[in-house]
Amino acid sequence: MGTQEAVIERVGKMVEESSKIVVLTGIGTVIESGGENIWSSRECYRLEEIYHKTPDEMMNVGFYSARKDKFFEFYKNEIINEEYEPASLYKDIKRLEDQGKLKMLITQNYYALAEKAGIKNVIELHGDVHNNWCPHCGKKFTVEYMRTAKAVPLCDECGSAIRPGIRLFGENIANNLMTEAVNACEDADMILALGTNMYDNMVKFCTGNYKGGKLVLITKEEHYMDKYADYVIHDNVCNVLPKIIK
């Protein structure tokens, strides 16, 4: 039995023995669901060629406030241009919840993939693309309304520009969500970090007080910070979860 196969077998036994598992999902789980990582070197180069700004600059709250026309050109073309369906990995996580083992799923992703898979215990630290609202009158709008609007999406009640339902750069994460995420990880008896790495801000923040010794990283891409996980499996998450969640 190879080293990775031995780790998978060991992690599978830990899943069986655990009852308070916290799952952290990163951009890799979006990619496995058909999405893109707009912060990859290839995508950053492509987007700068088109928009003459980096994704970080265009996804900033200051840019949204000052140049709504350009912001929404980018947002509609690159962020909400497609409707993604959850990869099979989310069905495996749902099985964990059905078995009473999933304490919480925590994510920075904003495509509501966990909710689409029927997972109930979810913290979306960066919001989601489906929850849009008018900052003036409070009316809610679907992502389809945003996607099909001409130029800047406007409220059909009061004419104000609609606020996207995601956290933009320069905005703080709500304190109650941060506290809930940290508390869930601190109380967990196992953490599965999926499609991310140990350098990721969410992973560092959420696992800072975790002392359990069962922090498992499952991701396709190797990273020099992998060593800070207790167990590491390098493969697509979709390939691994069926082997460890019975």
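The values are calculated or read from the model by the stated rules, or taken from the named source; none is laboratory data. Computed from a predicted model, the values in this text were never measured in an experiment. Reconstructed Cβ throughout: ideal geometry from the backbone, glycine too, with neighbour counts over all protein chains shown. When the accessible area is computed, the model is the full protein with side chains, heavy atoms only, and any ligands, DNA or RNA have been set aside. Shrake-Rupley method; radii C 1.70, N 1.55, O 1.52, S 1.80 Å.
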Just round it to a whole percent: the fraction of Cα-Cα distances in the chain exceeding 25 Å. 45
If you keep only loop residues by DSSP, which GluC sites (Glu not before Pro) in the range 83-146 have at most 14 other Cβ atoms within 10 Å of their Cβ? GLU83
For the range 1-100, one quarter of the surface area of the C-alpha convex hull, expressed in nm², comes to 9.4
How much solvent-accessible surface does GLU16 expose, in Å² to the nearest 10, with a 1.4 Å probe and all protein chains in place? 110
Within the accessible area of the range 177-246 (1.4 Å probe), percent carbon and sulfur: 46
Residue-normalised accessible area of the chain, expressed per residue, 1.4 Å probe, Å²: 48
Let me test this: with uniform point scatterers at the alpha carbons of the range 80-172, what is the Debye-based log₁₀ I(q)/I(0) at q = 0.15 1/Å? -0.66
In the range 186-246, which GluC sites (Glu not before Pro) are in a loop and have at most 15 other Cβ atoms within 10 Å, using DSSP for the loop call? GLU221, GLU222
Modelling each spin label as a point 7 Å along the Cα-to-Cβ direction, I'd like the LYS91/LEU154 distance in nm, to one decimal. 4.5
Under a Cβ-Cβ cut-off of 12 Å, what is the net charge of the residues other than SER160 that fall near it, where Lys and Arg count +1 and Asp and Glu count -1? +1
Hydropathy at least -1.0 by Kyte-Doolittle, axial extent at least 20 angstrom from the Cα trace: which helices of the chain, defined as entire DSSP H runs, fit? 3-17
For the residue pair PHE169 and GLU49, what label-to-label distance in nm results when each label sits 7 Å from Cα along the Cα-to-beta-carbon direction? 2.1
Identify the chymotrypsin sites (Phe, Trp or Tyr not before Pro) of the range 80-125 meeting these criteria: DSSP loop state and at most 12 other C-beta atoms within 10 Å of the C-beta. none
For the range 120-246, what Kirkwood radius comes out of the mean inverse Cα-Cα distance, in Å? 17.3
Where Lys and Arg each count +1 and Asp and Glu each count -1, what net charge lies around ALA184 among other residues with Cβ under 15 Å from its Cβ? 0
Report, ordered by chain and residue number, the aspartates and glutamates lying within cross-link reach of LYS76, taken as a straight Cα distance under 15 Å and ignoring same-chain residues fewer than 8 apart. GLU36, ASP128, GLU144
